[in-house]
Every structure is written in structure tokens, then in C-alpha cells.
1. Give segment 231-247 a look and list any residue that's within 21 Å of the chain's Cα centre (by Cα) and part of a helix (DSSP H, G or I), or say none.
2. Do we have Ala243 as farther than 14 Å from Tyr202 by Cα, surrounded by 22 or more Cβ atoms within 10 Å (Cβ to Cβ), modelled with pLDDT of 95 or more and small (Gly, Ala, Ser) here?
3. Kindly provide the set of residues from segment 126-163 that are more than 17 Å from the chain's Cα centre (by Cα) and either under 26 Å from Phe308 (Cα atoms) or among the aromatic types (Phe, Trp, Tyr) (or both), ordered by number.
4. Every residue in segment 215-254 that is of a type in the set (Phe, Trp, Tyr) and under 29 Å from Glu278 (Cβ atoms), please.
5. Being touching a strand residue (DSSP E or B) at 6+ places or on another chain (Cβ under 9 Å) and modelled with pLDDT of 90 or more is the filter; apply it to segment 12-33 and report the residue that is nearest to Lys86 (Cα to Cα).
6. Would you please name the residue that is nearest to Ala175 (Cα to Cα), looking only at residues in segment 202-219 that are of a type in the set (A, V, I, L, M), touching a Leu at 6+ places or on another chain (Cβ under 8 Å) and part of a helix (DSSP H, G or I)?
7. For segment 295-302, does any single residue satisfy the condition of being of a type outside the set (A, V, I, L, M), touching a residue at least 40 places away in the same chain (Cβ under 8 Å), over 24 Å from Leu150 (Cβ atoms) and not in a loop (DSSP other than H, G, I, E, B)?
Amino acid sequence: MIVPVKPPKFVIFLFIAILFSKSLYAMNPLLDYPCVPSDFGILYREVSFKTDDGLVLKGWLYPPQDTTGLSKDFIGRMMAMPDSLKPERKEYHYSNSHNPTIIICDGDAGNMAFSIFYAYHYFTNGYAVFTFDWRGFGESAPWKIDQDQLCCAEFLTDYNAAINFIKDQPEVDSAKIGLMGFSTGAYLSFAMIASRDDISAYVGRALITSLNDLTANLQKVSPNRNFVIPQNYPENLLPLKAANKVRTPVFLIVGEKDDRTPVWMSKKVYKRLKGPKELWIVPEAEHGGVKGPEMITYPEFFTKTLSFYNKYLK
């Protein structure tokens, strides 16, 4: 049974206000975590893993769990929790169960602390959840970030390392891995299902067609910005070119009024997909913020995505 727990409205707006105070499609990493899962009474394991080029990245692995007390009142609150309100940190015990697992990846700003809100709705519904930080983000290895660049191609190396790492963890069913990505994270996640055959389900919100299409559109939205396409990003892994070889079940979500990754982008990719697929154009929703699809339809967004994951991961 899918039971999304609805945080108080003021909590959602606190979360959104900080997350989207950062420019969308601007590389803007945050090194400090405004909060950690244990601040809300959430059980998790801090992990580190290495990329093929030798960098150490940071991740959080959440086991399936029920939460009580503070977590239901404060989940999604992206500000420091007063020490007087923090529950005692729970001791992590390994489980013998192998759980279907959802990997939620960062976008182009902030760090994985901003994924606690999303993770909550999946680990309370029977999934393990893994989040991690790209190089140059959070407590992962330092990396020089050009804030005008749309993304770093090296993030693909990070993502592959994250997937390989999580598949080896005792709490994880390596045959039931799902991905979730938003905006920049959506096309980085799409590159994974285009290049690997071990992902069982993918949810992407605000997917692009190509970096050229994205840049042309962003220049209309923000004519004074100088957006830079990474020259080493593999074009064959961009959604429009890769779509026809993807067989992983895909669920695309886009806001009807998204002016950065408009509906036509998701439609073009969707049309080329050959495997199981779903498309949800969310009425009145924009690219993100308080009018993003997950907020304007809350909690329907999580009900729908949980149903999709349940179909292909359970």
C-alpha cells in the first residue's frame, strides 16, 4: 500500500525556498549540509566510494523504515535543526534482506541534503534509497566547477561508480535498481539507462532532448547568461539520440508551463522510446520551485512514481 506522508505546508515551502534560491541550470554546488537525515530521526548509513579516476565521493544509504516523532513534523525542513530538537541518533544495523533500491541523484546545485524530502517518500514505502554527491559537491572530493557550464561530463564517471558501489551493498537487491533524476539529474540518469543494462526503472522530471536544444532555449529565458556546453560530454548518451536504444521502463514527468525544458522536449524523447514508457504532463506546473510538478500535485507525484517503481522493482 502506498502511503505518502504529507509534511506540513510550511515545511514544504522552507525546503523549496532554499533549493530554488539557486539558479536552475547553473552549476552551484553547496559544500555544507544544511541538515543530515539523523536530524529528523531517520536511520541511514554514511558511505564513501571511489570513482575510476580515483576520487572519493560521499553518499547516504537509507534502509526501508517507518519514521516516528520529529521526522513526520520536520522532514524537508532545509535548515539547521536546533540541537534541543534533534533525536538521539539511531544505531545502524545491517539487515539480511535485499531491498529494491532507488538512487536519487543531485542536479546542478545544492547537494544531497536536498534529496531528503524525496527519499522520505520511498524509504517509508519499502525501498532502500541511495543519494550521493558529485565531485565538487557536499563532502565529495573537491573539483573545480565552472558555474556557466551546464554540467560536468565527469559526473557520468561519478554516477557509474555510485551504481557499481550500491549494487555490492548487503541491504540492496542488485537486480532491482531504479533511478530518479530532476532537470540536469534527469539527463545524467538517462545516460545511465542508455549505457547500462542493469537498471530496472527510471523516473525523469524535466528531461532535455540535447544540450544544443537546451542552450538555445535557456538563452531565450536568460539572455544575459553565457551557458557553456561541456565539450567532452558524449553526444550518443543525450536523450534524443539515445532514446531508441533504451529498453529500461521510463516515466517522464514535465510541467505544462516549464519554460526551461518545455513539454516538447519530453514528447520528442518519449516518441523515440521503444520500451515500456509513461508520460505525465502536469497541468499548470512549471520547471521547479513551489510550482514544480512534485509540489503543485503533492502528494500525487509520489503516489504515481511509487506505483511506477512498484510495477518494475517489486
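1. Leu237, Pro239, Leu240, Ala242, Ala243
2. Taking the combined requirement at face value, the residue does not satisfy it.
3. Correct list: Gly126, Trp143.
4. The answer is Tyr233, Phe251.
5. This residue is Leu30.
6. Leu211
7. yes
Matching residues to (1) without any contact (Cβ under 8 Å) to a residue 60 or more places away in the chain; (2) over 29 Å from Leu214 (Cβ atoms); (3) assigned to a loop (DSSP other than H, G, I, E, B); (4) acidic (Asp, Glu):
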position: Pro34; (1), (2), (3), (4): no, no, yes, no
position: Leu43; (1), (2), (3), (4): yes, yes, yes, no
position: Val47; (1), (2), (3), (4): no, yes, no, no
position: Asp52; (1), (2), (3), (4): no, no, yes, yes
position: Leu61; (1), (2), (3), (4): no, yes, no, no
position: Gln65; (1), (2), (3), (4): yes, yes, yes, no
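The values are calculated or read from the model by the stated rules, or taken from the named source; none is laboratory data. Worth saying up front: this structure is predicted, and the values here are computed from it rather than measured. Reconstructed Cβ throughout: ideal geometry from the backbone, glycine too, with neighbour counts over all protein chains shown.
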